[in-house]
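Heads up, the thing below is written out as structure tokens.
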Amino acid sequence: MKNLESLTALELGELIRRRAVSCEEAVRHCLEVMERREPRISAFLEISREKALSDAKEVQKRVDADDQTLSPLAGVPMALSDSICIRDLKTTGGSRMLQNFHPPYSATVWERLKTGGAVLLGKTALDEFGMGVSGETCAFGPARNVWDNRWALDGSVAAVAGGEAFYALGSDGTGALRRSAAMAGVSSLRPTWGTVSRYGVVSGTSSLEQVGVVGRTISDCAQVLALIRGRDHRDSTTSQVQLADERSSMQEMKIGLPDCYFHQEGMDPCIKERVLSAAKQLEGLGAVLFPVELPIVDLILPAYFAIACGEASSNLARYDGIRYGYSANDVENLQELYIQSRSRALGNQIKKYILLGNLFLSEKENCYNKALQVRELVVQGLDNLFDRCDMILSPVVPSIPLPMEEKPSQLLECYRQSAFTALANLAGLPAVTVPCGYHSEGLPISFQLIGKPYGEGKLLTVADAYQKTDGFSKTSGEVEA
Amino acid sequence: MSWEMVAGVEVHVELATKTKVFCGCANAFGAEPNTFICPVCTGMPGALPTLNRQVVNYALRAGLALGCDIAPQTAFDRKNYFYPDLPKAYQISQLSLPICQNGSLEIETKQVTKQIRIRQIHIEEDTGKLTHHPTQPYTLVDFNRCGVPLLEIVSQPDISDADEAIAYLENLREILLFLGVSDCKMQEGSLRVDLNVSVRRQGSKEPSVPTELKNINSFQAVGRAMRWEAARQIQVLEAGGKIQRETRRWDDANNRGIVLRSKEEAEQYRYMPEPDLPVLVIDHGWIERVQRELPELPREKRIRYQKEMGISHQQACTLTGSPQMAALFEQTAALCRNPREAAHLIAGEVARLCTETATRPEDLKVDAKKLAALADMIDSGRINRTVGKEVAERIFRLNVDPETYVAEHGLAMVSDPNVVEAAVRRVLREQTKSVADYRNGKERAFGYLVGQVMKSLKGKGDPALVHRVLHQLLDG
């Protein structure tokens, strides 16, 4: 079999289109990698081996028939986070609550990918209902980082980083997708809120989350975004705004460096050094860099957190043990049914989010509404900021998170680690993460670019220009178990 | 010193849209349980609401008809609470930016004519329906009703007695029916009433703490509940007690309000803006379009019927008893020469027959063309009114053709003076006692003689001609 391991999704798609590689060969390649690596990284909750092979044959027929509805990624094996519903296929959201849930509908993003000839390998692990630092709260065990399996990862990131899938979709509600991507040496893209339909994606934090893309390169991510974005009549928060497709020039690209992030207490010097040196490289490519102040920066993280908890508590209240999901069947009355079903089937971390959310939503505290006011102010402040620059460059995390076994308090760790990712969630902004080096501990490091609403085009221009000169992106082949 | 009541009314009406408010499921009453449901209205993970624009149109219709200000931007909120009939564990409602505000409705009781101010109208979704098993320890839930659109219409506390509350509700119901936004059936739950009742000393500005009364099943029960609650509060206050903020369920059979929950147990709804629905902008064009298409309201119809068609107030009221009745009248009136004749037939015969046969307005199926033809036959003197009533009943019950029916049964009016005169002479010969009575000044005997002549003409005599000939022969 040809060695496909070092290819990007676009490159493999091109080979499939030219019939140099068959769809089935591509799937068999991935299944073979999975066989080797899954025992160590557990990226997948469910592997659809037979289905993937039969789907590959179907897509191959379309390729052979020169089907014009196929996308440039037709036949390229990929993975979906288990928060993304596929009709009649088990979808757990990473929670015991939904361990036997088979949705009678498919997410819009999957329908769009499938139309273009996507071949699904399986469903990947994620934080329970998407709420965590980087995948560690998954009720069925976390996915692990192929670089060092003491660290947990979001499963869609783990699958791409491990070379098991060529690209994957996950949900970026708390930034776990970007944080995972950052320490696994793969690229990730979180689109502007409202760009990609959330229909059929298990909801955690509605106003903060967007379907995100993980890929080996930022060009792969851009291609996937082009396939899934756009207005969806089933999600009325999807926007009519057309993303500008054209890549702009690097010359005169104005990039702001938020001083406060780089000088934050606890900022890891190694990460800082790597990110600033990537910034230098961008300067060399023609970009103009200058320091900027973020609006009411001290309130971004608290506001983000209050909204995340409030919305999670409301969205997750539907899991009551009555219609679907886990149901305690040994109880005497309704109250007990609620209490026992939720107590047994929800994890500790998610319970903390729910309890805090209830508090934040209570009339007495009113934190949620205050947080929404902060969001308004931040968005207004950013409007002014983005008059002066095209995007903001920052680290993705202030430090390498503690390994799985050493985490004292999940919730505090999550809060701390969200310091730089929260802004995009809170203000609904697009963001990309791009690998830019290694930490002294051996894990990859990435930088993050946050753009103005619908400013994906410029983010991709800069990220792509960096990757084309740096060549850091094709990483998975370098780590062999 | 005497007391007065200070009360407000909250009305929930289910809107008669084809589909539910946030999904494409049919909005219908009485189907097999859980047949009109989908991932959205049963709150499945990742299913998202999309707003039915017709619901907004209906809300705007109601708001404009009740003189409300329309919000240029309206938004939805989540009301969070656990209950098995609420699959998402939150109800999508409107708290901070309701679609309509500051309206009013004029009411008229025997004592007073006044405006009841309407604080707001907002859109929300209905819940599912629970059926508790009578003997077994379980409850069944039907989600067909879940996501049916509701308007909540909230009045200001401008109501001072039970008659005013009933007048308000009757007016409101009539308007909503004529707007075509709801069928307003209390027995099917498409119109529900909650009351907020408090009392105060006459002349005082400060009313007592209001009590909420729920589960009221008829307008008459509204009256009973209000009177009972006001009396209870007065009794407590006169005994030096205090009124607690509480919610009571009205038990009409036993004529009392049973405490459901007190303020201490008041529910915390943890309201929050609905993040899955964008703010809805309602521009001038939209409002104007709804305004233009606003149907004529019953009150306007009554004035027009009286002014333009010369119809009596009482008949105008009967004709606007339901939108279907008014439509039948307007169609008939448009097809016949004399609208007053149509009014007589419909306000008289059709309305009577509807009551007699317990026909619901939506089942009223009478052919306006046939009624119009009948009205013309009466108007032109081809048949008299008595025969007209008989034919109207045949049209109502059997959908007969009036021309054919009159011809086949020989019901044409007898207007031949010779025939009438012969009949009168025959009656005068036979009824010597009545003739004598009449001549001795007993006016009533004349009516009896008219009846006898009509009887001998099998009811088909021209009444005016019968009168004239009878007078001539008796008085002449």
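Does B:Lys79 meet the test of being within 11 Å of chain A (Cβ to nearest Cβ), out of contact with any His (no Cβ under 7 Å at 6 or more places or on another chain) and of a type in the set (D, E, K, R)? Let's see the steps before the verdict.
Details: within 11 Å of chain A (Cβ to nearest Cβ): yes; out of contact with any His (no Cβ under 7 Å at 6 or more places or on another chain): yes; of a type in the set (D, E, K, R): yes.
Answer is yes for this residue.
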- Residues of region B:25-75 that turn out to be surrounded by fewer than 19 Cβ atoms within 10 Å (Cβ to Cβ), more than 22 Å from the chain's Cα centre (by Cα) and more than 30 Å from B:Arg292 (Cβ to Cβ), as a count: 6
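Could you count how many residues in region A:140-155 are surrounded by 24 or more Cβ atoms within 10 Å (Cβ to Cβ) and in a loop (DSSP other than H, G, I, E, B)?
4
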- Does A:Gln380 qualify as being modelled with pLDDT of 95 or more, surrounded by fewer than 18 Cβ atoms within 10 Å (Cβ to Cβ) and within 14 Å of another protein chain (Cβ to nearest Cβ)? no
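Given the criterion within 17 Å of B:Gln315 (Cα to Cα), among the β-branched types (Val, Ile, Thr) and assigned to a helix (DSSP H, G or I), identify the matching residue among B:Ile378, B:Ile395, B:Ile346. If you could, list the steps in order and put the result at the bottom.
Values: B:Ile378 fails: within 17 Å of B:Gln315 (Cα to Cα); B:Ile395 fails: within 17 Å of B:Gln315 (Cα to Cα).
Matching residue, one of B:Ile378, B:Ile395, B:Ile346: B:Ile346.
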- Note on the structure: Taking region A:325-346 and the residues there that are outside any helix (DSSP H, G or I) and surrounded by 21 or more Cβ atoms within 10 Å (Cβ to Cβ), the one that is farthest from the other protein chains (Cβ to nearest Cβ) would be A:Leu346
- Item | Unmet criterion (only one of (1) closer than 29 Å to B:Val141 by Cβ; (2) among the acidic types (Asp, Glu); (3) surrounded by fewer than 23 Cβ atoms within 10 Å (Cβ to Cβ); (4) more than 14 Å from chain A (Cβ to nearest Cβ)) for B:Glu4 | (1)
- Query: Out of all the residues in region A:350-364, is one or more within 12 Å of chain B (Cβ to nearest Cβ), within 19 Å of A:Met131 (Cα to Cα) and in contact with a strand residue (DSSP E or B) (Cβ under 7 Å, 6 or more places away or on another chain)?
  - Reply: yes
- Message: Looking only at region A:47-73, count every residue that is within 27 Å of A:Arg178 (Cβ to Cβ) and either surrounded by fewer than 17 Cβ atoms within 10 Å (Cβ to Cβ) or out of contact with any strand residue (DSSP E or B) (no Cβ under 7 Å at 6 or more places or on another chain) (or both) and tell me the total.
- Response: 3
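How many of the residues making up region B:179-195 are touching a Ser or Thr at 6+ places or on another chain (Cβ under 8 Å) and either part of a loop (DSSP other than H, G, I, E, B) or modelled with pLDDT of 95 or more (or both)? Write out each step before concluding.
As a first pass, look at region B:179-195 and keep what is touching a Ser or Thr at 6+ places or on another chain (Cβ under 8 Å): B:182-184, B:186, B:190-191.
After this cut, where a residue has to be either part of a loop (DSSP other than H, G, I, E, B) or modelled with pLDDT of 95 or more (or both) as well, the list is B:182-184, B:190-191.
Count: 5.
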- Unmet requirement for B:Tyr138, which otherwise passes all of (1) touching a Ser or Thr at 6+ places or on another chain (Cβ under 9 Å); (2) free of Cβ contacts under 8 Å to residues at least 40 places away in the same chain; (3) of a type outside the set (S, T, N, Q): (1)
- Quickly run through region A:69-90 and pick out the residues that are farther than 16 Å from A:Asp55 by Cα and either of a type in the set (Lys, Arg) or within 10 Å of chain B (Cβ to nearest Cβ) (or both). A:Ser83, A:Ile84, A:Cys85, A:Lys90
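Which helices (runs of 4 or more DSSP H) sit wholly inside region B:276-341 and have at least 1 residues that are closer than 30 Å to A:His233 by Cα and modelled with pLDDT of 95 or more? Write out each step before concluding.
On the way: elements: B:284-292, B:298-309, B:313-319, B:323-335.
In region B:276-341, the matching helices (runs of 4 or more DSSP H) lie at B:284-292.
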- Item | strands (runs of 3 or more DSSP E) (entirely within region B:114-173) containing at least 2 residues that are of a type in the set (S, T, N, Q) | none
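Out of the residues in region B:275-292 that are touching a residue at least 40 places away in the same chain (Cβ under 8 Å) and under 17 Å from B:Gly63 (Cβ atoms), state the one that is farthest from the other protein chains (Cβ to nearest Cβ).
At the first step, the residues of region B:275-292 found to be touching a residue at least 40 places away in the same chain (Cβ under 8 Å) are B:276-277, B:279-283, B:286-287, B:290-291.
The next check asks that each one be under 17 Å from B:Gly63 (Cβ atoms); those that pass are B:280-283, B:286-287, B:290-291.
Values: B:Leu280: 9, B:Val281: 13, B:Ile282: 15, B:Asp283: 16, B:Trp286: 17, B:Ile287: 21, B:Val290: 21, B:Gln291: 25 Å.
Top of the filtered list is B:Gln291.
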- Across region B:85-114, what is the total count of residues that are in contact with a helix residue (DSSP H, G or I) (Cβ under 7 Å, 6 or more places away or on another chain) and within 14 Å of another protein chain (Cβ to nearest Cβ)? 4
- Message: I'd like to verify a number: residues in region B:109-143 that are under 19 Å from B:Gln156 (Cβ atoms) and surrounded by fewer than 12 Cβ atoms within 10 Å (Cβ to Cβ), how many?
- Response: 1
- Query: Of the residues A:Ala26, A:Ala125, which single one is in contact (Cβ under 8 Å) with a residue 40 or more places away in the chain, of a type outside the set (Phe, Trp, Tyr), touching a Cys at 6+ places or on another chain (Cβ under 9 Å) and more than 14 Å from chain B (Cβ to nearest Cβ)?
  - Reply: A:Ala125
- Hey, B:Met272 hits all of (1) surrounded by 19 or more Cβ atoms within 10 Å (Cβ to Cβ); (2) away from every other protein chain (no Cβ under 14 Å); (3) not aromatic (Phe, Trp, Tyr) but one; which does it fall short on? (2)
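Just name the residue that is nearest to B:Lys370 (Cα to Cα) out of those in region B:422-445 that are surrounded by fewer than 17 Cβ atoms within 10 Å (Cβ to Cβ) and not basic (Lys, Arg). Working first, answer last.
So the first thing to find is which residues in region B:422-445 are surrounded by fewer than 17 Cβ atoms within 10 Å (Cβ to Cβ), and the list is B:422, B:425-426, B:429-430, B:432-433, B:436, B:439-444.
Restricting the remaining residues to those that are not basic (Lys, Arg) gives B:422, B:430, B:432, B:436, B:440-441, B:443.
Working: B:Ala422: 34, B:Glu430: 40, B:Thr432: 43, B:Ala436: 45, B:Asn440: 47, B:Gly441: 44, B:Glu443: 39 Å.
It comes out as B:Ala422.
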- Query: Which one of the conditions (1) surrounded by 24 or more Cβ atoms within 10 Å (Cβ to Cβ); (2) within 14 Å of chain B (Cβ to nearest Cβ); (3) under 20 Å from the mean Cα position of the chain (by Cα) does A:Leu98 fail to meet, given that it meets all the rest?
  - Reply: (3)
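Looking at A:Met404, A:Met391, which is the one that is within 22 Å of the chain's Cα centre (by Cα) and surrounded by fewer than 19 Cβ atoms within 10 Å (Cβ to Cβ)? I'd like the intermediate steps shown before the answer.
Numbers: A:Met391 fails: surrounded by fewer than 19 Cβ atoms within 10 Å (Cβ to Cβ).
Of A:Met404, A:Met391, the one residue that is within 22 Å of the chain's Cα centre (by Cα) and surrounded by fewer than 19 Cβ atoms within 10 Å (Cβ to Cβ) is A:Met404.
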- Query: So which of A:Gly93, A:Gly141 ends up being touching a helix residue (DSSP H, G or I) at 6+ places or on another chain (Cβ under 9 Å) and either of a type in the set (Gly, Ala, Ser) or within 14 Å of another protein chain (Cβ to nearest Cβ) (or both)?
  - Reply: A:Gly93
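Polar (S, T, N, Q) and part of a helix (DSSP H, G or I): is that true of A:Ser207 in this structure?
Details: polar (S, T, N, Q): yes; part of a helix (DSSP H, G or I): no.
No.
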- Task: May I ask you to list the residues in region A:220-238 that are within 9 Å of chain B (Cβ to nearest Cβ) and assigned to a loop (DSSP other than H, G, I, E, B)?
- Result: A:His233, A:Arg234, A:Ser236, A:Thr237
- Message: Could you check region B:31-45 and list, in sequence order, the residues that are in contact (Cβ under 8 Å) with a residue 60 or more places away in the chain and on the phi > 0 side of the Ramachandran plot?
- Response: B:Asn34
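Out of the residues in region B:429-476 that are part of a helix (DSSP H, G or I) and of a type in the set (Lys, Arg), state the one that is nearest to B:Lys389 (Cα to Cα). Before the answer, list the steps.
We begin by selecting, within region B:429-476, every residue part of a helix (DSSP H, G or I); these are B:429-430, B:432-439, B:444-456, B:463-475.
Then keep just the ones that are of a type in the set (Lys, Arg); that gives B:429, B:433, B:439, B:444, B:455, B:468.
Working: B:Arg429: 31, B:Lys433: 32, B:Arg439: 33, B:Arg444: 25, B:Lys455: 16, B:Arg468: 23 Å.
Going through the qualifying residues, I end up with B:Lys455.
The values are calculated or read from the model by the stated rules, or taken from the named source; none is laboratory data. Just so you know, these numbers come straight off a predicted model, no measurement behind them. Ideal geometry is used to build each Cβ from the backbone, glycine not excepted, and the neighbour counts take in all protein chains shown.
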